[in-house]
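Notes follow the structure.
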Amino acid sequence: MPTGITGRDFLLAGAAGTAAVAGSYLVAGWSRSFVVAPLDQAIVNLTPGPIVTVAIETLGDDGHLLHVALAIAVTIGLFGSLSLSGRWITTRTDRLSLGVAAAGGGSWLLAAGVTGAPVPALGAALPVIAVTALGSGASTSDDAQPVDAVRRRMLRTVSGSFAFAVAAVIGRHAVEADPGAEDDGPESLPDAPQSDGIETRLRELDSAAIALESDDLLGMVSPIGEFYNVDIAQLDPEVTASEWSLTFAGETDSKRTVTFDDLIERPVEHRAISLRCVGERLNGRKLDTAVWTGTPIRPLIESVDPAGDCNCAMVHGEDDYYVQFPVDVLAEGFLAWGMNGKALPASHGHPVRVLIPGHWGETNVKWLSEIELLNVEEDGYWEERGWEGTGEVKTVAKLWDEGVTELPDGRIELAGHAYAGTRGVERVEISTDGGESWTDATLSDPVPDVDIWRQWRHVFDSDGTHEVVVRAVDGEGNRQIREASDPSPSGASGWVRRTVGE
Ligand SMILES: Nc1nc2c(c(=O)[nH]1)N[C@H]1C(S)=C(S)[C@@H](COP(=O)(O)O)O[C@H]1N2
Ligand SMILES: [Mo]
């Protein structure tokens, strides 16, 4: 009879857990059917807000690595424990088949249960069966076998499991690297009745841009691949246009479900809209602009007669993200299925996202699934975690890293973007002497869109070191807030400063 859990049990459990994760990865890849994905989601949902906030501020996008690593460790632990229980049953009953069936069955139930995908779940269960069977008799002090044989068997099982794990990961990568298996980037725009016009809009924005010496700097529109990304989950929900629908629920007398085909039949617009994340550092890179194709929300909202007392709504995404704000703000919004002339990419909310003019990034719900009309205000996902990011954006002028360039004649070109939501950017002021004197920068031409950044450019004769400071003035005449503040809870403020010159 085994007395307690030995080091070998731990090794074998770790081997079984690792093989299960690898087997699942081999079958499912980095998708929703991969056993780690739902556990990662659960970890993200359970992590206390202040920790999430600190992680975002200190680690930025690397914060994802942390919770994915944690999710992998937890998953290994869960499948390892099932294998360990199986071996314990084998020892207690003296029947290998019983222990193996328990470990395998338990693993399949766990994998299928968390992913909702019974067939790919076999990818996790089969390796557990194998390791449990091979490892049985290899750890407990079985007098019938010589110690050496037991140890050899254990080592073979453990090294075999890790070899399988490495092979599975490499194998899966090879499959995914196969050009035949890869998709060719974003799909083209769905054939909405008036989806033409997008090329004209993109050209129009292009010609509003300032000609710059540096070609590393973004223009008026951010290319899809460079547009920033903020998600609560590591894996994007997979929703096809044909499966998609939007439900209006809650306090309404006329519940309504809108399909994708219904949606794209509606009046189509191409709006240039900038997005800025409330979690962005002052001169960070979570501000971008795209031309979005979609339709206004207002007529849809009016068609369901919102009846709640708070005049507010919770907007839900397929990834269990949710954000609450006033119905009249939502009504100003836009439901987009296109981005820069392509179908909305998975990472930006395929097939349909919300875009709310002038409000922080978090209100722009991706993978939109439901608009729930409420009676009382409730916190959204980020509000529950201490943020106050549903309001209007703060004004900011950026001097990007790539925005300082020496011209052929020796002068220095400074350039960046400024954004003030729907207030618009009236002016960008530059100081090259630490804030003693100020001049106006040149701005990109105005465009008809109401919620878009402007580019700015300023060229000066550099003699030695300069303390450059940049600040914007919005369309209502308000100057960007001077006092510096952290992103949390309601967005970074302050003026961007940078030392330029040798
Ligand atoms: N469903 C869903 N929508 C979401 C988020 C999310 O995690 N899930 N992140 C929000 C945040 S915080 C921001 S800043 C923007 C980012 O949009 P992007 O990834 O397209 O740049 O999406 C918002 N919408
Ligand atoms: Mo955000």
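Points worth noting:
- Isolated Cys in the chain, by beta carbon distance under 4.7 Å: Cys277
- Sequence ranges 75-85, 404-414, ranked by mean other-Cβ count within 10 angstrom, highest first: 75-85, 404-414
- Set against the 2.2 N^0.38 Å expectation for a compact globular protein, the chain has a Cα radius of gyration ratio of 1.19.
- The protection proxy used here, the mean number of other Cβ atoms lying within 10 Å of each residue, ranks peptides 265-278, 197-210 as follows, highest first: 265-278, 197-210.
- The 3J(HN,Hα) values that the Karplus relation (6.51, -1.76, 1.60; θ = phi - 60°) gives for region 405-416 are, in residue order, 9, 7, 7, x, 7, x, 6, 10, 9, 10, 8, x Hz. Gly and Pro appear as x.
- Counting every pair of alpha carbons in region 201-263, the share spaced more than 19 Å apart comes to 64 percent.
- Debye-sum result for region 7-177 in log10 I(q)/I(0), which assumes one identical scatterer on each alpha carbon, at q = 0.09, 0.20 Å⁻¹: -0.34, -1.19
- Using a probe of 1.4 angstrom and keeping all protein chains present, the accessible surface of the chain works out to 44 square angstrom per residue.
- Amide H within-cut-off set for Arg427, under 5 Å, with H built and near neighbours excluded: Val473
- For the chain, calculated [θ]222 nm from helices alone, where every DSSP H run of n ≥ 4 adds -39500 (n - 2.57): -11000 deg cm²/dmol
- Cross-link reach list, lysines versus Lys394, counting only Cα pairs under 20 Å and skipping chain neighbours closer than eight places: Lys286
- Packing, taken as the mean count of other beta carbons within 10 Å per residue, orders the peptides 119-126, 157-164 from highest to lowest as 119-126, 157-164.
- Pair-distance profile P(r), taking every C-alpha pair of region 396-500, with 5 angstrom steps and integer %: 2, 13, 23, 25, 18, 12, 6, 2, 0
The values are calculated or read from the model by the stated rules, or taken from the named source; none is laboratory data. No experiment lies behind these values; they were computed from the predicted model shown. With ideal geometry, Cβ positions are generated from the backbone for all residues, glycine too; neighbour counts draw on all protein chains shown. What goes into the accessible areas is simple: the full protein's heavy atoms, side chains included, and nothing from ligands, DNA or RNA. Shrake-Rupley method; radii C 1.70, N 1.55, O 1.52, S 1.80 Å.
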